[in-house]
C-alpha cells in the first residue's frame, strides 16, 4: 500500500475562538497619501507598542517565541543622469521627490546606456521610479519624432492587479507630460472596444505574461508598429518567475525577442526584483541576455519589529491522542481583529483562498461584537474573484476605507498599499524571499512597522519559530528555473513556429535542447520541415499547447444554480479537491454547497447554504519510475533522482465540524484519475538497515509514511519552493525498486528543479527532518512533526519513533554533499557522482510533443495569480 502526501493548501479546522479585543481608546488610522490627510492625523504608534498591545497578558506573551528588531537605515541620495529629460525630472519633483536614491540613479544610467539591468532592492525602495524615469524620457523623445509612432515600452507584471496599480501610478507621474505618454492596460479584463486603440496608439502597454503569450505574440502582425518601436521591456517582480512558471515565461520572452528582431528592434530589459541571491544570474536565465545587477539598496527604512508567534495547544485531542494546536487561521483572525480595533491598518497574508475567506469572516463577526461599523472595514482578497470585485477591493485598501484585509499572495507583489502599519503572515510562505516581500508591505514614509509570522501546525513552521536563525541569519534563496525542461520547451517551439517558421538561426535562442527536440515534434506531426524552416502544421492555435501557469486546463466557473450568476473561478488543477459535488465553497463571506461539477463544460453549480461543517477531499496516489538519472549509495541504501509518473485520484471527501474539526462522515466520489510525469528524488533502505533501526514489518509503513510527511514539510527550507509545489509517496515495497522507498516529487509536469535541489542537499535536508521529528514534544506524532492536514490516507498509519530510528540509520553512512548550493548555469548539467543515460528526458520530450498540454500538477488549493 502506498501512503501519499500531495501538494496541498491548508484547510484549517478552526479551534475554539477566544478573541480578546483591545479596549484602548485609539483614533482610527487613515490612509496617508500625498493628497490625503496630513501625517499628524495618523496615529504613530511604535511597532513595539502595537506588539505589546497584541500580547497584554502572560497567555498571549508566551506565544511570542522570538522578536527580531531591524534598526532604521538612512538613505543615500544621488543625482539623475544628465540624459534624463528635464521635463521628466520636473514631473518627478512635482510628486515630492527632489533627488533619487543612489540605486535609482545607477539603474537609470545602465538603461540609458542600452544595458539590460535588474534592480534587486528591498520593498518600497523605489524600484518603479528607477525604470520609469528612463522609460518616460524615451517616450517623450519618441513623441517628438517627425514620423512614425515613436518609442514604445512593454510592461509585464505577474498579476493583473499589479499592472492596473502601476498604470494608475504612471498616469499620475506622467500627467505633466501630456499626450507624450499614453499608458494602457491590455489584459483579459480589457474591453474589446479598447483593444484596437491600444494596439494602434498606446506607447506604454501594461500586461502580464499570459496575455503576451496568448494574445500579443500570436497576433504580432497587428502589433507590428508597436513591436517595431519597442525600446524597453519592463519585467516587474521578476523573482516570482521561478520553477515551471518561470521557465515558461523565459520562453515567452525569447519568442518576444525573436519577433522584435523580425521587426527591426532590440529592446533593453529592465527588471525589478525583491532582494534575491544572484539576481543577475536569475535575470539572465529568464531573459537569455546579459544583465547588470543593482542590489545596493540606498533607500531609507524605518524600524521593523518582526515577531514569531506560535499558537497555543488546546484542550482537544486529535488523531492518536495527539494534542491539537490552535490553527494559524483562528489565531490570525484574532490578531487581525485586535489590530483593527486599535485602528492599525493591516494585511494578513494567507496561503489558501479558503483561509483568506475564513480569516476575514471570523474577524468581521468579532468586530461586529465590538463596533458594527468596524466589521465593514475588513474584507478578503483572493484569486478567482470577478474583475470588478478585485478593483473595488484594491481601491478601498488604497483609499483607507479598509482597515484590514485577509489576502492570498495576489497582494504580496508591489501593489501600492502605502499606509499599512502591520502585516500578519499566516504560515511560512515557502521562501525567505517571499517572507521578506510580505513583511515589507508594511511601513510608510520611513516610519516603523510590525510583522508577525503566525506558525501553522506544521513541521517547518514549528521548526522556524524555534530556530529564528534559519530565517534571520540566512540569505534569501536563488530563483530556480529550467528553460531546458522538455515539457516547457516543446510547446513554445510550436508556438514560435506558428508565429514565424523556425530556422537554424533560431536554435541558439531557445537553448541546447532545441535541436534534439525538433525531430520529435516532427514525428508527433506538430511541426514539419520545409526547405530550411520548421512550420506549424495544425489548424488549432499553437500557443494553447503551453499552459504557462500549470493550471491544467481552462478554469472551472463557479455558478449560482438558482440565478445563473457567475461567482468566480477555480483553476482546473484544484477543481477535483475544492469544487467536487458536496464541497463547501466560500466566497466573499458567503457559504455555498456544490451541487454538481461538470468537468467537460468546466462548470460547478453551487447553492447558498449554512452547513455546520467544512469539507476535505481524500485521494489515492501511485508512482512509477520512468528512468533513474542519478543514483548514489547511502550505506546499504540508495539515493536516486530521475523521472517518474504519478497517478492521482480523488476518491472521497470528509465532512469536518467547523469548530472542533471532528469528522462527521465520509462520502465517496467518482472522479477520473489524473497523471503527472515529473521529476523526483527517492531513497531506499535494505532489510539490514531496517533490522539495525529496529523496524519490524508492523511499523514499517508508518515509519516511512511519517518520514515522508516530515521531509515534505522541511524541503522548503532547502529548495525554492513551498508545500504547494511538491508531493510525496511512501511504499513499504515498491515494484520498481523492490525495496522500502520514499519519493518526493515536483508537482509540475516535467519537474521544477525542487526535487533536484533536494537530491543535492539530501544530507542536510534529511538531518533537519530527523531533528524536527525528534525534538517535537508530542508522544505519537502531531501536525507539528509528522501529521499532514491534507494526507490522502487520513494520516494512517504513522509511527513517530520508527521514523526517527529509520532516518538515524539512513543518515549514519550518508555521504558528504559535494554539489554546489546554486543550480548549474543554463546549459550545463548538474554535477553528480554517477550518471545514467537520460532516457526519461527523451521520453519526456516525446510526451511533451503530444501530452504536455494535458498533464496536470496536483496542488489542491494553490495560491492564485
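The values are calculated or read from the model by the stated rules, or taken from the named source; none is laboratory data. Source: prediction; values computed, not measured. Here the Cβ is made from the backbone with ideal geometry for all residues, glycine too, and neighbour counts use every protein chain on show.
Any residue at all in the range 568-580 that is in a strand (DSSP E or B) and either at pLDDT 90 or above or farther than 21 Å from residue 676 by Cβ (or both)?
Taking every residue of the range 568-580 in turn, at least one turns out to be in a strand (DSSP E or B) and either at pLDDT 90 or above or farther than 21 Å from residue 676 by Cβ (or both).
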Test: residue 351 is touching a helix residue (DSSP H, G or I) at 6+ places or on another chain (Cβ under 9 Å), modelled with pLDDT under 85 and surrounded by 24 or more Cβ atoms within 10 Å (Cβ to Cβ): yes
In the range 649-661, is there at least one residue being under 30 Å from residue 760 (Cα atoms) and either out of contact with any helix residue (DSSP H, G or I) (no Cβ under 9 Å at 6 or more places or on another chain) or modelled with pLDDT of 90 or more (or both)? no
Strands (runs of 3 or more DSSP E) wholly inside the range 228-342 that include at least 1 residues being touching a helix residue (DSSP H, G or I) at 6+ places or on another chain (Cβ under 7 Å): 230-235, 268-273, 292-294, 304-309
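Residue-wise test of (1) surrounded by fewer than 20 Cβ atoms within 10 Å (Cβ to Cβ); (2) touching a residue at least 12 places away in the same chain (Cβ under 8 Å); (3) assigned to a helix (DSSP H, G or I).
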residue: 758; (1), (2), (3): no, yes, yes
residue: 765; (1), (2), (3): no, yes, yes
residue: 770; (1), (2), (3): no, yes, yes
residue: 777; (1), (2), (3): yes, no, no
residue: 782; (1), (2), (3): no, yes, no
residue: 786; (1), (2), (3): no, yes, no
residue: 797; (1), (2), (3): yes, yes, no
residue: 802; (1), (2), (3): no, yes, yes
residue: 806; (1), (2), (3): no, yes, yes
One residue is enough: does the range 727-736 have a residue meeting the conditions part of a helix (DSSP H, G or I) and either modelled with pLDDT of 95 or more or assigned by TED's automatic domain parsing to the domain that holds residue 809 (or both)? no
Could you please find all residues in the range 93-130 being within 24 Å of the chain's Cα centre (by Cα) and in a helix (DSSP H, G or I)? 127, 128
So which of 174, 169 is in contact with a helix residue (DSSP H, G or I) (Cβ under 7 Å, 6 or more places away or on another chain), assigned to a helix (DSSP H, G or I) and crowded, with 19+ Cβ neighbours inside 10 Å? 174
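For (1) closer than 21 Å to residue 140 by Cβ; (2) at pLDDT 95 or above, each residue gets a yes or a no:
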| site | (1), (2) |
| --- | --- |
| 174 | yes, no |
| 179 | yes, no |
| 217 | no, yes |
| 223 | no, yes |
| 228 | yes, yes |
| 241 | no, no |
| 259 | no, yes |
| 273 | no, no |
Specify which of the listed residues (528, 541) is surrounded by fewer than 17 Cβ atoms within 10 Å (Cβ to Cβ), in contact with a strand residue (DSSP E or B) (Cβ under 9 Å, 6 or more places away or on another chain) and over 30 Å from residue 666 (Cα atoms). 528
Test residue 603 against the criterion of being buried (at least 22 other Cβ atoms within 10 Å of the Cβ), at negative phi and not assigned by TED's automatic domain parsing to the domain that holds residue 497, and give yes or no. no
Just one of the numbered conditions (1) crowded, with 20+ Cβ neighbours inside 10 Å; (2) part of a loop (DSSP other than H, G, I, E, B); (3) at pLDDT below 90 is not true of residue 80; which one? (3)
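Among the residues of the range 683-700, write down those that are touching a residue at least 40 places away in the same chain (Cβ under 8 Å) and in a helix (DSSP H, G or I).
Passing the criteria: 688, 689, 690, 692, 699, 700.
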Residue check, residue 161 closer than 28 Å to residue 398 by Cα, touching a residue at least 24 places away in the same chain (Cβ under 8 Å) and touching a helix residue (DSSP H, G or I) at 6+ places or on another chain (Cβ under 7 Å): yes
Being on the phi > 0 side of the Ramachandran plot, outside any strand (DSSP E or B) and surrounded by fewer than 17 Cβ atoms within 10 Å (Cβ to Cβ) narrows it down to one of 550, 564, so name that one. 564
If I ask for residues that are closer than 30 Å to residue 229 by Cα and more than 22 Å from the chain's Cα centre (by Cα), which ones from the range 271-310 would you list? 288, 289, 290, 291, 292, 293, 294, 295
Using the structure shown, decide if residue 109 is under 22 Å from residue 271 (Cα atoms) and surrounded by fewer than 22 Cβ atoms within 10 Å (Cβ to Cβ). yes
Residue selected from the range 587-599 under the condition under 16 Å from residue 571 (Cβ atoms) and either assigned by TED's automatic domain parsing to the domain that holds residue 654 or under 26 Å from the mean Cα position of the chain (by Cα) (or both), by the criterion modelled with the lowest pLDDT: 587
Can you find even one residue in the range 293-303 that is under 30 Å from residue 507 (Cα atoms) and in contact (Cβ under 8 Å) with a residue 40 or more places away in the chain? yes
If we keep just the residues of the range 183-194 that are touching a helix residue (DSSP H, G or I) at 6+ places or on another chain (Cβ under 9 Å) and either part of a loop (DSSP other than H, G, I, E, B) or modelled with pLDDT under 95 (or both), which is surrounded by the most Cβ atoms within 10 Å (Cβ to Cβ)? 186
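Tally up the residues in the range 492-513 that are in a helix (DSSP H, G or I) and modelled with pLDDT of 95 or more, please.
Here the count works out to 10.
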